[in-house]
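Colleague: Dropping a structure here in structure tokens format, bear with me for questions.
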Amino acid sequence: MNKPINPIQWQDERVLLIDQRVLPLKYEILEINTYQEMAAAIKTMVVRGAPAIGVSAAYGLYLGARDIETDDPAIFLEELAAIASVLSQTRPTAVNLFWAINRVLETAKTAAKTESVAAIKVLLLTTAKEIHQNDVATCQAIGDYGLTALPDTSKPLTLLTHCNAGALATAGYGTAVGVIRSAWREGRLDRVFADETRPRLQGSKLTTWECVQEGIPVTHICDNMAAHCMQKKMIDIVVVGADRIAANGDAANKIGTYSLAIVAKAHNVPFYVAAPLSTIDFSLSDGSQIPIEERDTAEVYQVGDTRICPEGVDFYNPAFDVTPADLITGIITEHGVFEPNDLITLKS
Ligand code: MRU
């Protein structure tokens, strides 16, 4: 196996991020020293993928906390809440962002009852590091539970995935790509089919790159080729990630996931969502309540820096869609594989 991919590193009081905007053509590391830099990195997708933006936001909140100049815990909490609000406004769909920010804020609130500001700051860094480290272990558990979801084929199987739910989208190992890694390790995988994932091409650029790093055979297809591949019986299973899952099992993921689920159902191909518990939003009864991010329409009318459409055309660029629970065969979590209807049993 190659060296593990670490998209986020805490080093010498700063965060080092792999710049995912320039992969695979360039491998560049960006240094993040302030919460404002972290907010910009999340917004511009230097770092992306639900768990990865959660971990990044936790460190971002600590960076902001570190630089607050007061010894008064009440003032400290007020300023921390303002920083949390800036980080919360970076991307709306992935609930992991809010989950991680809340966890750090709760740590601060509890500690502020008894501790000095200096002691609270130390605790916040410990919390961010915990979120970071736990995510890797969580992804490994998801990957290994995913093995139980694989169809019982006589030969190694073919797996289609959408977007990038890999090491780059988490603290390492990945969710959907975690299942891929575990299946490859166990000799259960023949090849990955990676959707390109228009408009930002996370499949073309990132998932294929991760597979190449790991030596996993990968076939890259355009998004509109998936139905054809399923009709030709080239795909045994679909596994994707998620950005937010409602209590009833409806799952928001990268735009194009919903159509993939419909196509999978039409061809009797099992369709799984792999995600940590931090992606489940039990406060939402169904997927219609999940906020869907709309991004700059230039992502649609340009390829790279080149405009591909004439002037006078309108554009629409939703970054995510919601796959209804009845199209999902199972949800692979760090606690096992659940039918979407049974997700509610995980509510604590
Ligand atoms: O817009 P992105 O690249 O942040 O979207 C990422 C996805 O949709 C992933 O599939 C999802 O966050 C799961 S990552 C483990």
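Colleague: Can you say whether LEU77 is within 16 Å of the ligand (Cβ to nearest atom) and within 30 Å of ALA111 (Cα to Cα), as far as the supplied structure shows?
Modeller: It is false that LEU77 is within 16 Å of the ligand (Cβ to nearest atom) and within 30 Å of ALA111 (Cα to Cα).
Colleague: Out of everything in segment 241-263 that is within 17 Å of PHE98 (Cβ to Cβ) and more than 13 Å from the ligand (Cβ to nearest atom), what residue ends up being farthest from the chain's Cα centre (by Cα)?
Modeller: For segment 241-263, the residue satisfying everything is ALA247.
Yes or no, residue by residue, for (1) under 21 Å from PRO51 (Cα atoms); (2) modelled with pLDDT under 95:
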position: LYS121; (1), (2): no, no
position: ILE131; (1), (2): yes, no
position: THR153; (1), (2): no, yes
position: ALA169; (1), (2): yes, no
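Colleague: Another question, then. Hey, could you check segment 3-14 for residues that are among the charged types (D, E, K, R) and over 22 Å from GLY178 (Cβ atoms) and say which is surrounded by the fewest Cβ atoms within 10 Å (Cβ to Cβ)?
Modeller: Looking at residues that are among the charged types (D, E, K, R) and over 22 Å from GLY178 (Cβ atoms), I get ASP12.
Colleague: Tell me the residue from ALA65, ALA111 that is out of contact with any Lys or Arg (no Cβ under 6 Å at 6 or more places or on another chain) and either in a helix (DSSP H, G or I) or of a type in the set (Gly, Ala, Ser) (or both), please.
Modeller: ALA111
Colleague: Among the candidates PRO217, PRO310, which residue alone is at negative phi, surrounded by fewer than 18 Cβ atoms within 10 Å (Cβ to Cβ) and either under 21 Å from the mean Cα position of the chain (by Cα) or in contact (Cβ under 8 Å) with a residue 24 or more places away in the chain (or both)?
Modeller: PRO217
Colleague: Quick check on segment 99-116. Is at least one of its residues touching a residue at least 40 places away in the same chain (Cβ under 8 Å), closer than 27 Å to LEU23 by Cα and under 15 Å from the mean Cα position of the chain (by Cα)?
Modeller: Yes, that holds for at least one residue.
Colleague: Looking at this structure, is ALA165 in a loop (DSSP other than H, G, I, E, B), more than 9 Å from the ligand (Cβ to nearest atom) and surrounded by 23 or more Cβ atoms within 10 Å (Cβ to Cβ)?
Modeller: Criteria not met by ALA165.
Colleague: Separate question: Report, by residue number, each residue of segment 15-30 that is touching a helix residue (DSSP H, G or I) at 6+ places or on another chain (Cβ under 8 Å) and either surrounded by fewer than 18 Cβ atoms within 10 Å (Cβ to Cβ) or part of a loop (DSSP other than H, G, I, E, B) (or both).
Modeller: Listed by number, the residues that qualify are GLN20, LEU23, PRO24, LEU30.
The values are calculated or read from the model by the stated rules, or taken from the named source; none is laboratory data. The structure presented is a predicted model; accordingly, all values stated were derived computationally and were not measured. We place every Cβ from the backbone using ideal geometry, glycine too, and count neighbours over all the protein chains shown.
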